[in-house]
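The values are calculated or read from the model by the stated rules, or taken from the named source; none is laboratory data. Treat the numbers as computed from the prediction; the structure is a model and nothing was measured. We place every Cβ from the backbone using ideal geometry, glycine too, and count neighbours over all the protein chains shown. Accessible surface is based on the protein model in full, side chains and every heavy atom, while ligands, DNA and RNA are left aside. Shrake-Rupley method; radii C 1.70, N 1.55, O 1.52, S 1.80 Å.
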Amino acid sequence: MYNQSLREELKSEYNMLKEVQGKNSCKIYAYDADHGVLIEERIIPGIILRHEKNVTVRVNHFLRVFRDIHKTIDNDQNFVTYLDWLKKADTFCMIYNLDESLTNHMHKTRCIGENLFCKYDDRVLLHGDLHHDNMILN
């Protein structure tokens with residue numbers, strides 16, 4: 001069984017993939033939060049972005065996906081937000097008594113994030129695992 005935090009992350013990833021409906025991502029079919037399983041499309045053939053030797057191709061592909069994956073949403077209750085990440089990071093720093101300077105900077109960052117989150121109404125999907133090992137060419 002997965003803990004509550006991992007269940008929330010899995011639900012958020014499922015909802016994000018469901019929301020983009022296979023555009024610049026695999027298609028999602030179902031998930032089981034209790035067992036930590038996502039049932040998603042297998043994409044083959046594909047070249048993992050990291051394995052592309054041409055840096056220009058890698059950067060351009062990443063930028064295209066990054067630009068196109070942002071989608072404005074009306075209700076962010078089913079999704080993890082940047083503010084959620086900042087709150088977790090701030091709490092982590094305080095609980096584990098990390099370096100005082102780091103903890104102070106993280107707390108200030110959280111405060112800035114909260115101010116920005118309140119100031120602007122627009123919400124966009126956040127893909128929490130977007131990196132060159134998780135992106136496929138072709």
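For this structure, a couple of remarks:
- Of the candidates E13, E9, the single residue that is of a type in the set (D, E), surrounded by 11 or more Cβ atoms within 10 Å (Cβ to Cβ), part of a helix (DSSP H, G or I) and in contact with a strand residue (DSSP E or B) (Cβ under 9 Å, 6 or more places away or on another chain) is E13.
- Test: residue in the stretch 20-31 that is open to solvent by less than 80 Å² (accessible area, probe 1.4 Å) and assigned to a helix (DSSP H, G or I): yes
- The listed residue being part of a helix (DSSP H, G or I), out of contact with any helix residue (DSSP H, G or I) (no Cβ under 8 Å at 6 or more places or on another chain), polar (S, T, N, Q) and surrounded by 12 or more Cβ atoms within 10 Å (Cβ to Cβ), out of T91, T103, T56: T91
- Near pairs, Cβ below 7 angstrom, 6+ apart or cross-chain, from the stretch 107-119 (closer than 9 Å to L83 by Cβ and of a type in the set (G, A, S)) to any residue that is open to solvent by 100 Å² or more (accessible area, probe 1.4 Å) and in a helix (DSSP H, G or I): G113/Y82
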